[in-house]
Amino acid sequence: MAPTAYVQPIADSTSVFKADLFKGKVLFCTGGGSGICRGMTEAMMRHGAKATIVGRKLDRLQQTAKELTAATGQECLPTQADVRQPATLKEAVAKTIEKFGRIDFVICGAAGNFLAPISGVSENAFKTVLEIDTMGTYNTIKATIEHVRASKGAYIHVSATLHYNGQYLFSYHPSSPISLHRKKLTISDLDPSCSTGTPYQVHVSAAKAGVDALSAVLAVEEGPHGVRSNVIAPGPIAGTEGMDRLTPKNTGADHVYHGHPTGRQGDVKDIANATIFLFSPAASYITGQVLPVDGGSEHLRSQF
Ligand code: HXC
């Protein structure tokens with residue numbers, strides 16, 4: 001079978017963390033079949049963790065699990081579930097406990113996105129993204145909390161930076177018309193002066209703000225039980241489905257990074273490294289926080 005899409009292997013040799021950091025620990029990751037969450041899972045496995053990856057497409061999960069085990073030598077359980085359906089999540093948790101006996105870490109990463117103006121986002125479309133991102137996070141917390149309490153473990157929620165400030169979407173390039181809500185659109189259709197909201201991302205902005213709030217409350221309520229909860233807010237991460245959905249190919253989208261502190265897009269390894277740190281004992285006094293991993297673009301909010 002061909003390798004799964006949106007794969008950025010995390011090389012062993014580049015890690016600055018101890019190889020057995022998470023030995024004996026178990027990760028439960030929604031959205032782990034591909035992209036950023038797959039990379040986060042691989043990094044945890046490369047540092048000794050076993051993992052359950054959860055998603056809607058079983059064949060992709062099975063292929064990913066096979067590849068991750070081959071790359072890391074750790075066990076990986078592929079489990080089909082839809083984060084919008086609590087019963088399927090509970091079943092995935094039960095299978096994890098049956099196989100591994102515990103859950104230490106949870107990544108709430110399942111997400112959905114597309115570009116559309118408010119007028120083009122139907123009630124069902126808005127609800128769908130909130131159900132995947134926000135309700136899906138709530139459902140995952142509810143399904144796992146008892147086990148994470150037992151292990152005094154931690155959560156990482158994958159958010160975005162779209163709702164912290166207005167972003168002049170990097171996807172738009174004057175010479176590259178793209179498809180937006182089933183019509184062609186160019187940079188001239190946009191208002192580049194937006195500074196308080198990211199256009200065409202009303203659904204995801206609302207959904208991820210909810211995710212941030214869920215994480216903060218979880219941190220406060222569960223802190224006394226030894227559970228930590230933090231958010232990673234990825235900026236533009238190259239080679240992921242999210243970026244593909246927001247940026248047309250071959251647009252020279254890098255042009256907008258010239259003014260950013262790091263002058264580049266991120267890669268999955270950047271998110272993976274932040275994940276290892278936040279789950280490690282080195283972060284034991286960090287909870288209820290949002291960590292943007294975006295090359296510093298968050299600091300440029302007023303300049304977009
Ligand atoms: C407007 C759209 C649309 C679009 C779908 N819809 N695509 N509306 N513009 N481009 C509408 C549909 O018409 C429908 O509404 C409603 O959304 C639900 O669509 P379905 O296809 O029936 O839902 P479903 O199959 O559950 O798919 C959910 C999805 C899809 C979110 C629409 O895109 C998906 O499965 N995505 C998962 C993968 C993904 O998006 N990964 C990227 C995450 S990146 P009506 O009214 O017609 O019924 C990310 C980070 C963002 O989240 C930050 C990056 C920087």
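No lab work stands behind these numbers, since they all come straight from the coordinates. Keep in mind that this is a model prediction, so the values were computed, not measured. For neighbour counting, all protein chains shown are included, and Cβ atoms are generated from backbone atoms with ideal geometry for every residue, glycine included.
Within region 12-59, the proportion of Cα pairs with more than 12 Å between them is 59 percent.
The residues R46, R84, R38, when put in order of fewest to most other Cβ atoms within 10 Å, stand as R84, R46, R38. Using C-alpha pairs below 8 Å separated by at least 6 residues, the relative contact order for region 16-67 is 40 percent.
By the beta-carbon count within 10 Å of each Cβ, the least crowded to most crowded order of C76, C37, fewest first, is C76, C37.
With N counted as the residues of region 59-135, its alpha-carbon radius of gyration over 2.2 N^0.38 Å works out to 1.39.
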